[in-house]
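Presented below is the structure to which this report refers.
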Amino acid sequence: MAPPPPLLLLLLAVAASSSACHGYQYDPSRGPLVTAVIVFGDSIVDPGNNNGLLTLIKANHPPYGKDFFNHEATGRYSNGLIPTDLIAQGLGVKQLLPGYLGVDLSPEDLLTGVSFASGATGFDPLTPVVVSVISLEQQLAYFDEYREKLVAIAGEEETEKIIGGALFVVCAGTDDVANTYFTTPFRSVEYDIPSYVELLVAGAESFLRNVSARGAAKIGFVGMPPVGCVPSQRTLGGGLRRECEPRRNEAAQLYNARIQEMIAGLNAEPGFPTLVVYLDIYRILDDLMERGEKYGFTETTRGCCGTGTIEVTGLCDSRFVSVCDDVSNHVFFDSYHPTERAYRIIVNDIFDNYIQVLT
Ligand SMILES: *[C@@H]1O[C@H](CO)[C@@H](O)[C@H](O)[C@H]1NC(C)=O
């Protein structure tokens, strides 16, 4: 065979180096990198656990899921896949991470992990109560039930191996700041931002200790995004020009700093059996919203659903509003949740930065 022409070699080299700087690529020949993916948190990682609840916080109606398989509105808060699916794929575990509630799960699905997350929950015990969704404490109770199912399928020894080899993900906190603190009066009359942040950090610490006590070896803890820049918060607090609302962003930054200190303290504690990894998403979301054109996004301040300024969950409903023609140009699908394309960029960034410590 003739040697390949030099131009082809050059192109291959360029392709290799550009994929290297976009870093992480799952190598199927290695097999799954963890035994299971087990998730607690809010709508960012909820595949449909709210569907059967008496709450307005649901995404099981069009246009949610418009780019999902069969255009199915599963309850995922996006036009397609959500981060939990992309994380499970990126680790070679499975294509979709199912919710724990409301679906019949095969033994295989149970063995490789589920999400207990519930849209609009948070670390503040009041947050899930205001909107009738599943508290983090209740998510742990579901985990305990789930564990019993694993034991019934695979036995105690194998269950310990699955849990010890799993990647746990905890993603919450944004609803506490955006909804409970800044939108309802319940907390802001009693707490200033620093004291409210301490309440959230204490809740997060208690939750991490409880997950650790259940045998988790590795927990990825997702930090807070610049919540003042998501479309609904621009509308509510950003004035006529819908600018990023600075107090929400300051709260997010303070929270992220305090959370990292708390996590460092846990990891340094003698005998604490779990490695907790803080996953920064502030920087990549800030980049997507401030320099969206770098990623091919032309609309960074409005969601694709309806006017994009306020519609979310019940208000983002095809019976009442239409959707944009060009979802791939949008960072946000509704006024709060990113599009699948933005989620892919965020999850790739997480893998680029943390894959070594997470697996
Ligand atoms: C952690 O577990 C303790 C003891 O069971 C419980 O009182 C507490 O509410 C739990 N905290 C969270 C955030 O789950």
Excluding Phe168 itself, calculate the net charge of residues whose Cβ lies under 12 Å from the Cβ of Phe168, where each Lys or Arg counts +1 and each Asp or Glu counts -1.
-> +2
Going by how many other Cβ atoms sit within 10 Å of their own, how do Ser106, Ser335 line up, fewest first?
-> Ser106, Ser335
Please work out the FRET efficiency for the pair Arg214 and Ser318, using the Cβ-Cβ distance as r and a Förster radius of 41 Å; give the result to the nearest 0.05.
-> 0.55
On each of the three principal axes of the Cα atoms of region 29-282, give max minus min coordinate, whole Å, ordered largest first.
-> 56, 50, 36
Theoretical FRET efficiency, 1/(1+(r/R0)^6), r = Cβ-Cβ of Gln25 and Leu56, R0 41 Å, to 0.05 | 0.55
Separation between the Glu290 and Val130 pseudo-spin-labels, each 7 Å from Cα along Cα→Cβ, expressed in nm?
-> 2.7 nm
When Lys and Arg each count +1 and Asp and Glu each count -1, what net charge do the other residues less than 12 Å away from Glu156, Cβ to Cβ, add up to?
-> -2
Shape parameters for region 241-293, alpha-carbon atoms, Rg then Dmax in Å | 15.2, 52
Only helices counted: for the chain, with every DSSP H run of 4 or more residues adding -39500 (n - 2.57) and the sum spread over all residues, [θ] at 222 nm is -12500 deg cm²/dmol
Once you've got the GNM for the chain with C-alpha springs shorter than 10 Å, pick whichever of Val277, Val103, Val323 has the biggest mean-square fluctuation.
-> Val103
Sequence of Phe221, Phe143 once ranked by neighbouring C-beta atoms within 10 Å, starting from the fewest = Phe143, Phe221
Length-normalised contact order of the chain in % [C-alpha pairs under 8 Å, at least 6 apart] = 18 percent
For Tyr191 paired with Ala268, estimate the spin-label separation in nm (one decimal), with each label point 7 Å from Cα along the Cα-to-Cβ line.
-> 2.5 nm
Check every DSSP H run in the chain and write down those whose alpha carbon atoms cover 15 angstrom or more along the long axis and whose mean Kyte-Doolittle hydropathy is 0.0 or greater.
-> 6-21, 193-213, 340-358
Could you let me know the centre-to-centre spacing of region 309-359 and region 106-165, using Cα atoms, in angstrom?
-> 24 Å
May I ask what percent, to the nearest 5, of DSSP beta bridges between residues of the chain are antiparallel?
-> 10 percent
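Only the coordinates and a few stated rules stand behind these numbers; no lab work does. This is a predicted model, so every value here is computed, not measured. Because the Cβ atoms are built from the backbone with ideal geometry, glycine has one as well, and the counts that use them run over all protein chains shown.
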